[in-house]
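Peer 1: This is the structure I want to talk about, given as structure tokens.
Values in this text are rule-based calculations from the coordinates and carry no lab data. Remember, it's a predicted structure, so these values are computed and weren't measured experimentally. Note: ideal-geometry Cβ built from the backbone for every residue, glycine included; neighbour counts use all protein chains shown.
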Amino acid sequence: MSRTASTDQLYFVTLTIVDWIDLFTRRLYSECIIENLAYCQQHKKLNIYAYVLMTNHLHMVANVDGGTLSDVLRDFKTFSSKQLYQLISTNAQESRKDWLLKAFERAGKHNPQNKQHQLWQNGNYPVLLYTPNVIQQKIDYIHNNPIKAGFVGSAHEYWYSSANEESPLIVIA
């Protein structure tokens, strides 16, 4: 069960692929997530202040104008899950296709909230960021995630991160 996040405060959220499966190692799937987040920004009033898309999870500092963050994240996860599942199933170049589809179907069978498959772990659990220091701590954590994983030497080098000025996703400064 997800907590409801207020619209006027910032939250740190993490969305994780079931079983921590490294799904976002393919640009096609990462771009799907970026497009879905951009859609939520444009049509669901999602404000993203910082983000990083890692191989198996997404971190954000975000809020929503005139709605609840939990509702937007629920819709994002539902839509992106269906879209990613379709992309995987039709991707002739996906060497892990059978394994991925079976893993997501197995996760869905064990969750009564899903009908056929599950890509995202349940829950959003937004963490309220209550002071400027805590906000900066979470932004630093987000931006340093690819460095800690050993993907890059400097945060600004990681493409799917708000630390990169050329990142494909627009964030609020």
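Peer 1: Just to be sure I understand: if I project the alpha-carbon convex hull of the stretch 84-173 onto a plane and average over all orientations, what area do I get in nm²?
Peer 2: 8.6
Peer 1: Give me the net charge for the shell around Ser167: Cβ to Cβ below 13 angstrom, other residues only, Lys and Arg +1, Asp and Glu -1.
Peer 2: -4
Peer 1: In addition: Using all C-alpha to C-alpha distances in the stretch 1-127, build P(r) with 10 Å bins and read off the rounded percent in each one.
Peer 2: With 10 Å bins starting at 0, P(r) equals 13, 46, 31, 9, 0.
Peer 1: Once the other residues with Cβ under 14 Å from the Cβ of Phe104 are scored (Lys, Arg +1; Asp, Glu -1), what is the net sum?
Peer 2: Neighbour charge sum, excluding Phe104 itself: +3.
Peer 1: While we're looking at this one, here's another question. Jot down the radius of gyration and Dmax of the stretch 4-58, Cα atoms only, both in angstrom.
Peer 2: 12.4, 35
Peer 1: Note the direction-averaged projected area, equal to a quarter of the hull surface, for the Cα convex hull of the stretch 46-113, in nm².
Peer 2: Quarter of the Cα hull surface area: 5.7 nm².
Peer 1: Among His156, Leu28, Phe104, which residue has its Cα furthest toward the positive end of the charge dipole of the chain, with +1 on Lys/Arg Cβ and -1 on Asp/Glu Cβ?
Peer 2: Most positive-ward Cα: Phe104.
Peer 1: So what are the stretch 89-141's ellipsoid semi-axes, whole angstrom, largest first, if each one is the square root of 5 times an eigenvalue of the alpha-carbon gyration tensor?
Peer 2: Each semi-axis is the square root of five times an eigenvalue, giving 35, 17, 7 Å.
Peer 1: Using a Cα-Cα cut-off of under 27 Å, which lysines could be cross-linked to Lys109, ignoring same-chain neighbours fewer than 8 residues away?
Peer 2: Lys77, Lys82, Lys97
Peer 1: Another question, if that's okay. If you look at just the Cα atoms of the stretch 33-76, how large are its Rg and its Dmax in Å?
Peer 2: So, for the stretch 33-76, Rg and Dmax equal 9.9, 31 Å respectively.
Peer 1: Would you grab the residues whose amide H sits under 5 Å from the one on Ala50? Only those 5+ places off in sequence or on another chain, please, with H modelled 1.01 Å from N.
Peer 2: Correct list: Val61.
Peer 1: Quick check on the exposure proxy: order His110, His57 from fewest to most C-beta atoms within 10 angstrom.
Peer 2: The fewest-first ordering by Cβ neighbours comes to His110, His57.
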